[in-house]
Amino acid sequence: MKPGREYSYAGLSISLCRGALERPWLPLTMWKAFFNRSLDIGVRAVPTVFLMAFCVGSVVAIVLIEQLQELSMEETVPRLIWIILNQQLAPMLAAVVFIGRSVSGSAAELANMKIGEEIKALETMGVDVSRYLLLPLLGGFVVMLPVMEIYTVGVGLLGAHGVCSLVMAMDAKQFVLRALVPPRMQDAFIGVGKSAVFAVVVAMIAFRKGLNATGGSDAVGRVATAAVVSSLAAVTLVNAVITGLQNVLIAAGLMNK
């Protein structure tokens with residue numbers, strides 16, 4: 001990247017790929033940066049994700065039980081919750097938490113560095129900003145968002161089981177068997193895959209918004225807000241596209257229902 005250059009999504013993507021592929025053996029400082037970023041992005045979001053996932057799983061279970069009891073199909077509640085969490089709710093819920101915590105923070109941090117001319121100074125000294133600044137952050141997003149999606153599914157199932165045990169007297173063994181039999185690992189793969197795509201999308205939005213910040217210190221807040229709004233819209237759109245593509249593949253017989 002050249003000093004003073006407008007940062008585009010295409011340019012950022014090319015710079016990140018080149019930085020990762022030209023010298024695949026990363027120095028120790030970059031690994032430390034990656035672990036620190038992962039800790040800040042993912043581990044510190046655990047309490048928020050737990051609360052939201054537990055409540056969402058419980059509420060979905062209550063609604064499904066209420067509706068399916070009229071059809072005498074309440075025994076399908078665990079299975080439906082498993083599918084709903086994996087394919088839709090867990091990826092979106094984890095992404096929303098990441099957008100609120102990490103996308104806004106990352107965009108604000110980069111905007112502060114850009115306005116303070118720290119980015120320009122690094123580029124003038126010949127430092128590859130994409131490799132040494134953005135790549136560890138992108139790695140943290142790509143690794144931790146799918147991990148938190150899996151965690152969200154587990155906590156959501158825990159909340160749903162609590163409701164099922166209270167309302168339907170369903171023990172843990174019955175709940176697990178009804179949720180996972182017959183086994184459909186494609187549900188879990190869909191959720192993890194969506195989360196990985198979401199991670200790349202929101203990280204790139206944070207990078208572009210932050211690195212293109214202009215103005216004074218008041219611009220940092222505007223950049224963070226713009227990054228959050230754009231990320232929410234992008235994740236919603238990408239989720240709709242992936243779901244539509246999934247339905248097309250099912251209709252074509254290339255994927256099981």
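The values are calculated or read from the model by the stated rules, or taken from the named source; none is laboratory data. For clarity, every value in this text was computed on a predicted model and none was experimentally measured. Every residue, glycine as well, gets a Cβ built from its backbone with ideal geometry; the counts of neighbours run over all protein chains shown.
Taking the listed residues 49, 56, 96, 77, the one that is in contact (Cβ under 8 Å) with a residue 40 or more places away in the chain, β-branched (Val, Ile, Thr) and in contact with a Cys (Cβ under 9 Å, 6 or more places away or on another chain) is 77, with no other qualifying.
Here residue 207 does not qualify as touching a Cys at 6+ places or on another chain (Cβ under 9 Å) and surrounded by 13 or more Cβ atoms within 10 Å (Cβ to Cβ). With respect to the conditions (1) surrounded by 15 or more Cβ atoms within 10 Å (Cβ to Cβ); (2) out of contact with any Phe, Trp or Tyr (no Cβ under 6 Å at 6 or more places or on another chain); (3) over 27 Å from residue 244 (Cβ atoms), residue 134 lacks only one, and its number is (2). Among the conditions (1) closer than 17 Å to residue 42 by Cβ; (2) modelled with pLDDT under 95, the only one that residue 198 does not satisfy is (2). For the range 188-227, filtered to residues that are more than 20 Å from residue 99 (Cα to Cα) and free of Cβ contacts under 8 Å to residues at least 12 places away in the same chain, the residue that is farthest from the chain's Cα centre (by Cα) is 218. State the number of residues belonging to the range 118-131 that are crowded, with 21+ Cβ neighbours inside 10 Å, of a type in the set (A, V, I, L, M) and closer than 18 Å to residue 29 by Cα. Qualifying residue count for the region: 1. The single residue among 71, 89 that is touching a Ser or Thr at 6+ places or on another chain (Cβ under 9 Å) and either hydrophobic (A, V, I, L, M, F, W, C) or touching a residue at least 40 places away in the same chain (Cβ under 8 Å) (or both) turns out to be 89.
Does residue 185 qualify as being under 24 Å from residue 59 (Cβ atoms) and under 26 Å from the mean Cα position of the chain (by Cα)? No; evaluated as a whole, the condition is false for this residue.
Only one of the listed residues (230, 165) is in a helix (DSSP H, G or I), under 28 Å from residue 55 (Cα atoms), over 24 Å from the mean Cα position of the chain (by Cα) and among the polar types (S, T, N, Q). That residue is 165. The residues of the range 52-65 that are under 13 Å from residue 96 (Cβ atoms) and not small (Gly, Ala, Ser), listed by number, are 52, 56.
Residues in the range 101-117 that are charged (D, E, K, R) and surrounded by 14 or more Cβ atoms within 10 Å (Cβ to Cβ): 101, 109, 114.
Counting the residues of the range 68-88 that are buried (at least 22 other Cβ atoms within 10 Å of the Cβ) and among the hydrophobic types (A, V, I, L, M, F, W, C) gives 4.
Within the range 233-253, if we keep just the residues that are small (Gly, Ala, Ser) and loosely packed, with under 14 Cβ neighbours inside 10 Å, the residue that is nearest to the chain's Cα centre (by Cα) turns out to be 233.
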